[in-house]
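The values are calculated or read from the model by the stated rules, or taken from the named source; none is laboratory data. The structure displayed is predicted, hence computed values, not measured ones. Note that we place each Cβ from the backbone using ideal geometry, even for glycine, and neighbour counts take in every protein chain shown.
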Amino acid sequence: MKKIIISLALSLVTMPFILAGGYNVGDKAADFKLPNIDGKYVSLSDYPDAKGFIVVFTCNGCPYARAYQDRIIALDKKYKSRGYPVIAINPNDTGLKPEDNLEAMKERAKEKGYTFPYLKDEKYDVFKEYGATRTPHIFVLTKRGSDLVVSYIGTVDDNYQDPAAVKEPYLANALNALLADREPDPSFTKAIGCTIKQQ
Amino acid sequence: MLSFDDLEPHLHFSNDTTYLVNFWASWCTPCVSELPAFESIREEYRDEKLKVLLVSLDFPGQVDTRLMPFLEKNGIHSEVLVLNDPDANRWIDRVDPGWTGSIPATLIYNRDGRLFHEGEYSYEELKQIVEQKLK
């Protein structure tokens, strides 16, 4: 009994730190319900036929996010029909970054011809739960029974400057692996990005 | 403009100087807002063994059109190195394994130890760390 109490106490102590760290590859991901630019709310459970999702934390102003917009659209077009649609989420605090409010998001989506939902993390809690720290920051989720499992975390590819110079399309490789029932390798990559802006 | 391999030695000098290495870009709002703190520290400790190094991640096409005018306009006198190495997955962990990749980020080191911080520093925080490092 003592042991149980001690381990419970320990888990209570360590839990907030684990939560603050966000998801690792292999973790179960939580669904969310966030407002889309069309005013409707979107959840992952709205996609019963999807095999998984490409969740992209992104924004309007960050030059890295902008550099990848066209590539994200191309990935959505290619992988939506294979069961992995893009779900974009804007996590920036609109108090600090008015250019990331729903109205501005609507304009950007129209200007670029977004083919996917562009959601506002209105309570600024989804990006924290996922552990996104920068834009763009990508989490690929795969359905395993009734669970959503985090299968890849990281960046799109190895060259934000020039799509033609890409040698390692990390995200596409991960998706192709998942579609072939293999584990992505690498399943975790890093990139420079803009800090997610929060008060 | 440097590749990461060119930059890396600047993160590992083992002389008697303390280095403040700040990763930033002129388009990055929080980076720009903490720059005056780095400039003040550089000025204040100019006679000490302290070196401020600003590693710019400005895009190569904007170095002449944006970064240089920015440095001029804001009177930035710290040494600026431009890092142009797009496959950041290859080198982020070599700066610090704890870095997730967002900027600003700062490495403060001397031969006695290293301290890495992702996010902004205030002048007071920097001063406190520098005072400790220079002891």
Taking first residues from the stretch A:161-175 that are more than 12 Å from chain B (Cβ to nearest Cβ) and second residues anywhere that are modelled with pLDDT of 95 or more and assigned to a helix (DSSP H, G or I), the pairs with Cβ under 7 Å that are 6 or more apart or on different chains are A:A172/A:L75; A:L175/A:Y79
Out of the stretch A:96-123, which residues are crowded, with 20+ Cβ neighbours inside 10 Å, among the acidic types (D, E) and part of a helix (DSSP H, G or I)? A:D100
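Out of the residues in the stretch A:140-160 meeting the condition of being within 12 Å of the chain's Cα centre (by Cα) and not in a strand (DSSP E or B), tell me which one is nearest to the other protein chains (Cβ to nearest Cβ).
Our first condition is that a residue be within 12 Å of the chain's Cα centre (by Cα); within the stretch A:140-160, this holds for A:140-141, A:150-156.
Those still in the list that are not in a strand (DSSP E or B) too: A:155-156.
Values: A:T155: 6, A:V156: 11 Å.
Checking each candidate, the answer is A:T155.
Restricting to the stretch B:77-116, and then to whatever is facing chain A (nearest Cβ under 8 Å) and in contact (Cβ under 8 Å) with a residue 12 or more places away in the chain, can you tell me which residue is nearest to the chain's Cα centre (by Cα)? Give the derivation first.
Step one: of the stretch B:77-116, the residues facing chain A (nearest Cβ under 8 Å) are B:86-90, B:92-93, B:99-104.
Add one more test, that the residue is in contact (Cβ under 8 Å) with a residue 12 or more places away in the chain, and what stays is B:88, B:90, B:99-104.
On the way: B:A88: 16, B:R90: 19, B:W99: 14, B:T100: 16, B:G101: 14, B:S102: 13, B:I103: 10, B:P104: 8 Å.
Step by step, filter the stretch B:77-116, then rank; the result is B:P104.
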All-but-one check, A:T195 against (1) buried (at least 22 other Cβ atoms within 10 Å of the Cβ); (2) in contact with a Phe, Trp or Tyr (Cβ under 9 Å, 6 or more places away or on another chain), failing number (2)
Does the stretch B:26-43 include one or more residues that are touching a strand residue (DSSP E or B) at 6+ places or on another chain (Cβ under 8 Å), closer than 29 Å to A:C59 by Cα, surrounded by 15 or more Cβ atoms within 10 Å (Cβ to Cβ) and among the aromatic types (F, W, Y)? yes
Name, by its number, the condition in (1) of a type outside the set (A, V, I, L, M); (2) out of contact with any Pro (no Cβ under 9 Å at 6 or more places or on another chain); (3) without any contact (Cβ under 8 Å) to a residue 60 or more places away in the chain that does not hold for B:N74. (2)
